[in-house]
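Report on one structure; see the data block that follows.
The values are calculated or read from the model by the stated rules, or taken from the named source; none is laboratory data. What you see is a predicted model, and the numbers here were worked out from it, not measured in a lab. Here the Cβ positions follow ideal geometry from the backbone for every residue, glycine too, while neighbour counts run over all protein chains shown.
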Amino acid sequence: MTFAAKLCCASLDELTLVALDSSPLTAVHTSRQVQVIPDELLVCRQFAGTLLIEQNGREVALRTGDMTLVDPRLPYAARFSSDANLLVVKVPRRRLEARVGRTGNMVARLMRPAQDETGFISDFLALLPAHVERLGPTAATVADQALDLLAVALAKMGGVSRSRVSSARFLVLTRLRAAIDSQLTNPALDPAVAAAAAGVSVRYANAVLADESTSVARLILTRRLERCRQALCDVAQARRSISDIAYSWGFSDMTHFGRRFRATYGLLPSEYRKAHALL
C-alpha cells in the first residue's frame, strides 16, 4: 500500500499554520508525548475528507468546514480518511485562554459552519494559508483578529462544564472580556467601568474571574500589555515612540508600564523592541 502526505507550515505572529494532505492515517498522541511539547492549543479546520478525533472521553467527526479544539497536553487519537485535507492552527494557550478562560471542557467539541458566526470564522481561517506570506507587518494584527474570532466560536459553542461554571457565569465571563477588549484604549477603563459594561458588580465580576485565577484589574492589565507587546514587534509601528504606544493602549504612567512589562515579558519595552527588531 502506498502512503503519501504533504505538510506545509507558515507563521502568523505567534500562531503556526500547518496544512496537511494525507492518505488514510491513524495518529495516537500518548501521555508520554505530552511532556515534551510547547504549551499550545490546536484549532483544526477540515478542508476535505473526514477526520475523527478522540480526546477527553469524546469523539468528534470533522467534515468540510468543521472545526474543533484539541489540547496536545492531553492524550488523543486521530483517524484521517482518504484524501484528508486539514488546517491546524497552533495557538499559544495563554493567548486563547486570556479570551475564553480555561479550555479543558472545550476540546473535541464540534463547531459547524452553519452555527451562527462559526461559518464566517471557518472561512476566515481557510483564507489564511493563501495570504499569510504576504501579510508582512500586519501579521500580528491578523493573528489577534483570528484569536478574537476563535474566542467567539468557542463562547458560542458553550463548552464549559455546567458543574464548575454556570451558564450565567460563563455569559458574564464572555461579556467582561468583550467589554475590556473594546475599551482598552480608554485610559478611564478600570474594574468599575468594565463590570458596569458587563452588567454586573465589581465584586461579582471578580468572583467569576477567580475561577480563572485572575481579577478584573489583572485582566485589563494583561490585555493592555499584550497589545503593547504586539505593537513593539510591528515593523509598521517602528517609528512610534514607546510612550505613544503605551498611552494609546490606556497606560498613563510610563514607570508603571515599564515595570509591569518587564515583569511579564522579562525585558523592558525598549529592550524587547530592540531584541525583536534583530530577528
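From the set of residues in segment 249-279 that are among the hydroxyl-bearing types (Ser, Thr, Tyr) and over 23 Å from the mean Cα position of the chain (by Cα), which is farthest from Asn186 (Cα to Cα)?
Only one residue fits best here, namely Ser270.
Being modelled with pLDDT of 85 or more, β-branched (Val, Ile, Thr), assigned by TED's automatic domain parsing to the domain that holds Ala19 and farther than 14 Å from Leu87 by Cβ, is that true of even one residue in segment 113-127?
For segment 113-127, residues modelled with pLDDT of 85 or more, β-branched (Val, Ile, Thr), assigned by TED's automatic domain parsing to the domain that holds Ala19 and farther than 14 Å from Leu87 by Cβ: absent.
Is there any pair with a first residue in segment 179-196 that is free of Cβ contacts under 8 Å to residues at least 12 places away in the same chain and a second that is part of a helix (DSSP H, G or I) and of a type in the set (Val, Ile, Thr) whose Cβ atoms are under 6 Å apart and which are 6 or more apart or on different chains, and what are they?
Ala192/Val202
Hey, could you check segment 67-82 for residues that are in a loop (DSSP other than H, G, I, E, B) and polar (S, T, N, Q) and say which is farthest from Arg112 (Cα to Cα)?
My answer is Ser82.
Residue by residue through segment 228-237, note down the ones that are part of a helix (DSSP H, G or I) and buried (at least 19 other Cβ atoms within 10 Å of the Cβ).
Residues satisfying the conditions are Cys228, Arg229, Gln230, Ala231, Leu232, Cys233.
Starting from segment 14-42, take each residue that is at positive phi and list its partners that are modelled with pLDDT under 85 and outside any strand (DSSP E or B), counting only C-beta distances under 6 angstrom and pairs at least six apart or across chains.
Matching pairs, first to second residue: none at all.
Can you name the number of the only condition in (1) surrounded by fewer than 16 Cβ atoms within 10 Å (Cβ to Cβ); (2) out of contact with any strand residue (DSSP E or B) (no Cβ under 6 Å at 6 or more places or on another chain) that Pro113 fails?
(1)
Residues are listed down the side, and each one gets a yes or a no for (1) under 19 Å from Glu133 (Cβ atoms); (2) assigned to a loop (DSSP other than H, G, I, E, B):
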{"position": "Cys9", "(1), (2)": "yes, no"}
{"position": "Leu20", "(1), (2)": "yes, no"}
{"position": "Cys44", "(1), (2)": "no, no"}
{"position": "Gly65", "(1), (2)": "no, yes"}
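Any idea how many residues of segment 79-98 are over 15 Å from Thr16 (Cα atoms) and in contact with a Ser or Thr (Cβ under 7 Å, 6 or more places away or on another chain)?
Total satisfying the criteria: 7.
Take the residues in segment 238-255 that are surrounded by 12 or more Cβ atoms within 10 Å (Cβ to Cβ) and either closer than 17 Å to Ala275 by Cα or touching a Cys at 6+ places or on another chain (Cβ under 7 Å) (or both); name whichever of them is modelled with the lowest pLDDT.
Here the answer is Ala238.
Go through (1) in contact with a Pro (Cβ under 9 Å, 6 or more places away or on another chain); (2) at pLDDT 85 or above for Thr30 and report which single condition fails.
For Thr30, the failing item is (2).
Taking the stated definitions as given, is Leu173 surrounded by 21 or more Cβ atoms within 10 Å (Cβ to Cβ), farther than 25 Å from Phe251 by Cα, aliphatic (A, V, I, L, M) and modelled with pLDDT under 85?
It is false that Leu173 is surrounded by 21 or more Cβ atoms within 10 Å (Cβ to Cβ), farther than 25 Å from Phe251 by Cα, aliphatic (A, V, I, L, M) and modelled with pLDDT under 85.
Out of the residues in segment 248-262 that are touching a Pro at 6+ places or on another chain (Cβ under 9 Å) and not hydrophobic (A, V, I, L, M, F, W, C), state the one that is nearest to Ala217 (Cα to Cα).
Gly250
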